[in-house]
Amino acid sequence: GRRTMMNADLRRERAAATFQPELLTHILDGGAERTRRRKEIEALVLNDPDFQHEDLNFLSRSQRYEQAIRKSSLMVMKLREYGIADPEEIYWFKSFVHRGRPEPLDLHLGMFLPTLLTQATPEQQDRFFMPAWNLEIIGTYAQTEMGHGTHLRGLETTATYDPATQEFILNSPTVTSIKWWPGGLGKTSNHAIVLAQLYTQGQCKGLHAFIVPIRQLGTHEPLPGITVGDIGPKFGYDEMDNGYLKMDNFRIPRENMLMKYAQVEPDGTYVKPLSDKLTYGTMVFIRSLIVGDSARSLSRACTIAIRYSAVRHQSELKPGEPEPQILDYQTQQYKLFPLLATAYAFHFVGAYIKDTYRRISGDINEGDLSELPELHALTAGLKAFTSWTANAGIEECRMACGGHGYSRCSGIPDIYVTFTPSCTYEGENTVMMLQTARFLVKSYTQVSSGQRVTGTVSYLNDLSRQRIQPQHVAARTVTVRINDPVSLVEAYKARAARLVEAAAKNLQAELNHRKSKEDAWNRTSVDLVRASEAHCHYVIVKLFTAKLSEISNAAVRAVLTELCLLYALHGISKNTGDFLQAGILNDAQITQVNQRVKELLAIIRRNAVALVDSFDFHDVHLGSVLGRYDGNVYENMFEWAKKSPLNKTEVHESFHKHLKPLQAKL
Amino acid sequence: GVNPDLANERQTASFSVEKLTAWLDGGAEQTRLRRAVVEAIERDPVFSRENQYFQSQNERYEAAVRKAVHLQKKMHEMGWSQEGPESKYIYRAVAGDIAFLLHRIFMRSISVLGSDEQIAKWIPPASQYQLIGSYAQTELGHGTYLQGLETTAVFDVTTQEFILNTPKISAMKWWPGDMGRSATHTVVFAQLYVHGKCHGIHPFIVQIRSLQDHSLCPGIIAGDIGPKMNFEHIDNGYLMLQNVRVPRENMLNKFCEVQPDGTYVRRGSQKINYFTMTSVRISLISSEAVTPLMKACTIAIRYSAVRRQSKLKPGEQEAKILDYQTQQEKLLPQLAAAYAFHFIDDYLQELFDRGYREIQRKNFDTLPELHALSSGFKATVTQYCTSGVEICLRACGGHGYSLLSGLPSLYTKIIASCIYEGENTILLLQTARFLVKSFMAASTGQSVPPSVTYLAAVKPSKCPAKNKSDFLSPDIYTEAYQHMAVRLISSTAAKLQDLIQSGVKKHDAWNRCTVQLAQAAKAHCHYIIVKNFAEIVAKLESKAGIQKIMKHLCDLFALHGIFSNAGVFLHDGYISGAQMDMVTASYLDLLAIVRKDAVPLVDAFDFTDKSLNSALGCYDGQVYQRLYEWARKSPTNKQISPAYEKYLKPLLHNTLSKL
């Protein structure tokens, strides 16, 4: 049982909490009913002997791949057997089966099938969808190349139409054009949706998607003209066969181009698609998932580090007294609690984007795309902001666990290496920040020319009213009350306004000096990224604050208010330069902010364990000896270590091979 | 051939790379020696690291043992000795990927802590590898806080033996390198009990494995602690002792001894122990922190000069990513930091040598300062370098994530340096204790060690800079750093005093100020690093070409620090908002200037392709070709995975269509 033999420190921590963790869990899940359903699915997976296996830390890469394939195929079968079809429920099921790790069918399920649904013609769906649904066809999505990632227009793979045979001829003309990184491409897939520059009638028509068979059905051998394989070991993603694909005059029928929107007619005539804004929708959706993932990954790391810090005793605080829990040290609290607050903030941001997307996706289907540009710009920035912060935060949690955090038994190394690619995929973060900046500058320019802007950037409207006065916008506006989240939102708003204005002005100054727009943009890009960060930071503080008023239970609201204040104040204390320089806060207020942060640490201390319990990660899912719910850390570290591959034999073979001869010789 | 994109970068260098390399090495003769050692090692296939990224933990361990054994042979062949000038280059050449590193610590601890008889008994067989040693200090339950260790050694007068025990699970030795599988002996740190009285932590030589068949000795439970983020080649181990008896002579007794009747005698100064820690902390800065950062910069900067992405000007070729301001902002400050830390390492080395000479004359006066500096710089530099390597990793986008980039293993290795030899936060607080003490002394007119005399010269003023070029004056920014350090140290000391005067207990007041104290310690180190860099540059007058670029790097390092910690400089108005805008402008200008010499500046570190072991960082810049060829050698592409026959085939052959 989960609650037997609990470590005494953790029991005491839990007893002292001022709120019921279950209630907070319900809020995070989106209602008690959702929590119930999540736990039901969790139990389905965790009680299923088919999904049991040895600790993955002790397996080689190819063994991990093999386990993942085994579980994935069972997973697909069981999902259908249980009739689980809701995307969120599928996500839960999958993440319990694979314990939050990627798996070789990710791209098949997450990209290949959905792309068929959205971009294939009815005829193409007839040919490909059911076989793919039944996994006779396993597909991946081959976009990234060795030489190009986020900058899609630079992709070099070509698909040249040959009207004589009514085929496309696919080629990887350079080394840099080799498809590189797609998950499931190396060993698993027999088909790929390949993005290539379309050439027809001697003209390049830009990137289009093609269904390309890559391995022989039956033997699974690569087809003639196809070179395919695994790209080798990575930081993480051991169970994923990220692959390469090189095509040499490989021919596919005309009907293999995905032609729901753009088309190539038999004679080679190209028919343009209607709008490309539609793809925004998918990007918004995927980026919203990354924001949620940032929150979850950081929450897992916080759970491990905070529970371990409650169990670990070290050194002395008061002479003569027993060694205190390391969670009682101010420096430890300062490392962990702001991250805990951040994890909560990101949960609410992720939920907000998901809801917004759901709300407006109806409009999108009806062709109303008016809200999309803003949402697209906002999610680009939030994706970058949250993944950067979580990436660094996970590492801080690991470092806060000292030496033991470095062992794979802590589970944090695995969380980190699994999470860190999200700073790069689905849009490299710096590029994402600059996309948001482009929108901010555009909005600023609109305001300057007398138009009004709406949505999250509406604070820029205030700039025009203040234009008459010569100083910086923010310098005179707010009187900040440091214990009032609403007032802190105003402070963040003023900071964002100031940095957007500064970046826009610097950009203008560069433009006045130089010929090229691109050059001016490049020379301002550090300022522009700062402006985007400030904007995202403001949105997050605002959303967290807004969430507080929705919470009915007073005890839960109280503790979340503390976290919200900590999040906002800590953010100020880490960026005091911006607030001081803009005159939003003065020296004395900054000192107060720093002081208040430390007081909040002491206040949050008593609920720290309950706050991570509320994330409700099952031990199996957490995969950490240090973060175990029962806190029995040391004995289980020993049990874990005994299973290490180096311990398989009492005397390691190296002794006989190398050591003994050495001793004999010298 | 060399990729033209890299060749171009080299043609426009503003200085002689070869001269800079020689200067960094400490003379052309050193460069020559280093290259000879590196070449001899790299030519030998046993030391090859090409397959390292493909190997399992077992294979890595075996390879490390094989290399360690082979190195003995090699050294003999080449006529190299442990004490010779080649020694430090050997370690650099094998990139630390070798076993028995703890064997050296074992020997060093006996040499430092053992009596002459003990040295005579243990050192000769150890240097002949007739026994393999380890160093067992850290336990499952305790690391940096040594007094908390729980292993016991009880003296038994009747048999003249110590009885060693692991009384509880948290007392198990945990982490010592070479101990899981290799070591036959280890130095165990245990609480010494004589006649029921505890005398604190002492070192004991304990045999753990048979010298005949390598099986575990009676009463010993030992093994490998399992996979870690890195160091797969090292068998970090656990050790449990159950009534293990060792003779009285096995306690290292240069400074403390238990006499046959159980009388406990202490001789000499305990302070010398601090000296050992100090020496280890200083010695790791260069090899474990600065070198990896230099490698990471080399890889990321060369790759950024080869990778082209998107267009800066319509109609032109895609731009090198190194031409993007945001990419420069990520990488160039790390490059400047690598240089800054190289120089601070020289500074510490010199300080240490001076201190060592004093200590040999039995003068321990410099110890507190040395100890404080080594703690603070170990923490500051390892932390900075770790985040620098991580920035380089992320700046390489997707390809940085491949092990073949070399960056993930640099990163996972360097992060361990933030923990070992003292957890960084704790080390910073040790430095802070010294700073607060020195500040109090200085403010009452007492004399203080040279590195902190600046604390006495408090002059509350304003930064005199009038325009952005003023911030390129070392006096201006060094003073800003000094002012900031003094402010943070004095305000924290004042806060501490206030709390104590208001009745808060001393230890409690200390804990309540620790966040500020750690920040103050970092500020102090940052100031010294900037100041030292500026002084080095000033002394370079004779080497005009090099001085110019070093001056740019020094400015860049200093201004990046102000730019990214703007708040602490703005706080009391020392730097005004308008001045901060000048700092930013100057800083961004410098990025564009240093950009021009970025590739020559990493070339000057003079790492061979083999030592970088990176597809992205190779000297010739043939990045994509290498990545492709190397990936094809991955075992995943050579061996047939059982996964296809067992799982994929049934899957593809329609088992699901029944559904």
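Could you list all residues from region A:606-617 that are surrounded by fewer than 19 Cβ atoms within 10 Å (Cβ to Cβ) and either within 14 Å of chain B (Cβ to nearest Cβ) or touching an Asp or Glu at 6+ places or on another chain (Cβ under 6 Å) (or both)?
Scanning region A:606-617 gives no hits.
Would you confirm, using the coordinates I've provided, whether B:Gly133 is small (Gly, Ala, Ser), within 12 Å of chain A (Cβ to nearest Cβ) and within 27 Å of A:Ser407 (Cα to Cα)?
Here the answer is no, as B:Gly133 does not meet what is asked.
Based on what the data block shows, is A:Thr25 touching a residue at least 60 places away in the same chain (Cβ under 8 Å) and surrounded by fewer than 17 Cβ atoms within 10 Å (Cβ to Cβ)?
It is false that A:Thr25 is touching a residue at least 60 places away in the same chain (Cβ under 8 Å) and surrounded by fewer than 17 Cβ atoms within 10 Å (Cβ to Cβ).
Considering only region A:551-572, how many residues are touching a helix residue (DSSP H, G or I) at 6+ places or on another chain (Cβ under 7 Å) and part of a loop (DSSP other than H, G, I, E, B)?
So the answer is 2.
Check off (1) surrounded by fewer than 24 Cβ atoms within 10 Å (Cβ to Cβ); (2) more than 14 Å from every other protein chain (Cβ to nearest Cβ) for A:Leu339 and give me the number that stays unchecked.
The number of the failed condition is (1).
Find the residue count for region A:507-520, including only residues that are facing another protein chain (nearest Cβ under 9 Å), closer than 16 Å to B:Ala592 by Cβ and assigned to a helix (DSSP H, G or I).
Of the residues in that region, 2 qualify.
Give the residue that is nearest to A:Gln325 (Cα to Cα), with candidates limited to residues of region A:610-628 that are touching a Ser or Thr at 6+ places or on another chain (Cβ under 9 Å) and of a type in the set (A, V, I, L, M, F, W, C).
For region A:610-628, the residue satisfying everything is A:Leu626.
Output the residues belonging to region A:293-347 that are in a loop (DSSP other than H, G, I, E, B), on the phi < 0 side of the Ramachandran plot and free of Cβ contacts under 8 Å to residues at least 40 places away in the same chain.
A:Gln314, A:Glu316, A:Leu317, A:Lys318, A:Pro319, A:Glu321, A:Pro322, A:Glu323, A:Pro324, A:Tyr329
May I ask you to list pairs of residues, at least six apart or on different chains, whose Cβ atoms are under 8 Å apart, with the first in region A:91-119 being touching a residue at least 40 places away in the same chain (Cβ under 8 Å) and farther than 18 Å from A:Met77 by Cβ and the second being basic (Lys, Arg) and outside any loop (DSSP other than H, G, I, E, B)?
A:Gly100/A:Arg296; A:Gly100/A:Arg300
Any idea which residue in region B:605-641 is nearest to the other protein chains (Cβ to nearest Cβ), counting only those that are among the β-branched types (Val, Ile, Thr) and part of a loop (DSSP other than H, G, I, E, B)?
B:Ile640
Would you check which residues across region A:573-588 are assigned to a helix (DSSP H, G or I) and more than 10 Å from chain B (Cβ to nearest Cβ) and list them?
Matches in region A:573-588: A:Ala588 only.
To keep it simple, each residue is scored yes or no on (1) over 28 Å from the mean Cα position of the chain (by Cα); (2) hydrophobic (A, V, I, L, M, F, W, C).
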| residue | (1), (2) |
| --- | --- |
| A:Phe579 | yes, yes |
| A:Ile584 | yes, yes |
| A:Gln592 | yes, no |
| A:Gln595 | yes, no |
| A:Ala610 | no, yes |
| A:Phe615 | no, yes |
| A:Val620 | no, yes |
| A:Tyr634 | yes, no |
| A:Thr649 | yes, no |
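Give the residue, chosen from B:Gly388, B:Gly400, that is closer than 30 Å to B:Val306 by Cβ, in the same structural domain as B:Ser491 (by the TED database), more than 17 Å from the chain's Cα centre (by Cα) and touching a residue at least 12 places away in the same chain (Cβ under 8 Å).
So the residue among B:Gly388, B:Gly400 that is closer than 30 Å to B:Val306 by Cβ, in the same structural domain as B:Ser491 (by the TED database), more than 17 Å from the chain's Cα centre (by Cα) and touching a residue at least 12 places away in the same chain (Cβ under 8 Å) is B:Gly400.
Give me the residue from region A:182-208 that is surrounded by fewer than 24 Cβ atoms within 10 Å (Cβ to Cβ) and on the phi > 0 side of the Ramachandran plot and, out of that set, nearest to the other protein chains (Cβ to nearest Cβ).
Looking at the filtered set, the residue picked out is A:Gly206.
Please indicate, with yes or no, whether at least one residue in region B:107-128 is among the charged types (D, E, K, R), in a helix (DSSP H, G or I), more than 14 Å from every other protein chain (Cβ to nearest Cβ) and touching an Asp or Glu at 6+ places or on another chain (Cβ under 9 Å).
yes
Restricting the first residue to region A:216-240 and requiring it to be more than 8 Å from chain B (Cβ to nearest Cβ), which pairs with a second residue that is in a loop (DSSP other than H, G, I, E, B) and basic (Lys, Arg) meet a Cβ separation below 7 Å and a spacing of at least six or different chains?
Pairs that qualify, where the first residue is more than 8 Å from chain B (Cβ to nearest Cβ) and the partner is in a loop (DSSP other than H, G, I, E, B) and basic (Lys, Arg), are A:Glu239/A:Arg101.
If we scan region A:515-530, do we find a residue that is in contact with a Ser or Thr (Cβ under 7 Å, 6 or more places away or on another chain) and without any contact (Cβ under 8 Å) to a residue 40 or more places away in the chain?
Yes, that holds for at least one residue.
Suppose we filter B:Leu472, B:Leu517, B:Leu499, B:Leu556 for residues that are among the aliphatic types (A, V, I, L, M), within 14 Å of another protein chain (Cβ to nearest Cβ) and within 30 Å of B:Asp597 (Cα to Cα); which single one remains?
Answer to the selection: B:Leu556.
Looking at region A:85-107, which of its residues are within 14 Å of chain B (Cβ to nearest Cβ) and surrounded by fewer than 17 Cβ atoms within 10 Å (Cβ to Cβ)?
Result: A:Ala85, single match.
For the list (1) in contact with a Leu (Cβ under 8 Å, 6 or more places away or on another chain); (2) over 17 Å from A:Leu659 (Cβ atoms), I need the number of the one condition that B:Gln128 fails.
Single failed check for B:Gln128: (2).
Among the residues of region A:171-181 satisfying the criterion of being under 24 Å from the mean Cα position of the chain (by Cα) and outside any loop (DSSP other than H, G, I, E, B), which is nearest to the other protein chains (Cβ to nearest Cβ)?
A:Trp180
Show the residue pairs that are 6+ apart or on different chains and have beta-carbon atoms under 8 Å apart, the first residue being within region B:642-655 and at the interface with another protein chain (Cβ under 7 Å from one of its Cβ atoms) and over 12 Å from A:Glu136 (Cβ atoms), the second being in a helix (DSSP H, G or I) and modelled with pLDDT under 75.
Going by the 8 Å Cβ cut-off, there are no qualifying pairs.
State whether the residues of region A:445-460 include one that is closer than 23 Å to A:Pro233 by Cα, in contact with a helix residue (DSSP H, G or I) (Cβ under 7 Å, 6 or more places away or on another chain), among the small types (Gly, Ala, Ser) and modelled with pLDDT under 95.
no
Run A:Phe168 past the list (1) in contact (Cβ under 8 Å) with a residue 60 or more places away in the chain; (2) within 11 Å of another protein chain (Cβ to nearest Cβ) and report the number of the one that doesn't hold.
(2)
Can you name every residue in region B:631-659 that is at pLDDT 90 or above and surrounded by fewer than 19 Cβ atoms within 10 Å (Cβ to Cβ)?
B:Arg632, B:Lys633
The rows are residues; the columns are (1) under 21 Å from B:Leu351 (Cβ atoms); (2) modelled with pLDDT of 95 or more; (3) surrounded by fewer than 19 Cβ atoms within 10 Å (Cβ to Cβ).
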position	(1), (2), (3)
B:Lys459	no, no, yes
B:Lys466	no, yes, yes
B:Ser473	no, yes, yes
B:Tyr477	no, yes, no
B:Gln482	yes, yes, no
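The values are calculated or read from the model by the stated rules, or taken from the named source; none is laboratory data. All of these numbers come straight from a predicted model, not from anything done at the bench. Using ideal geometry, Cβ is built from the backbone for each residue, glycine included, and neighbour counts are taken over all protein chains shown.
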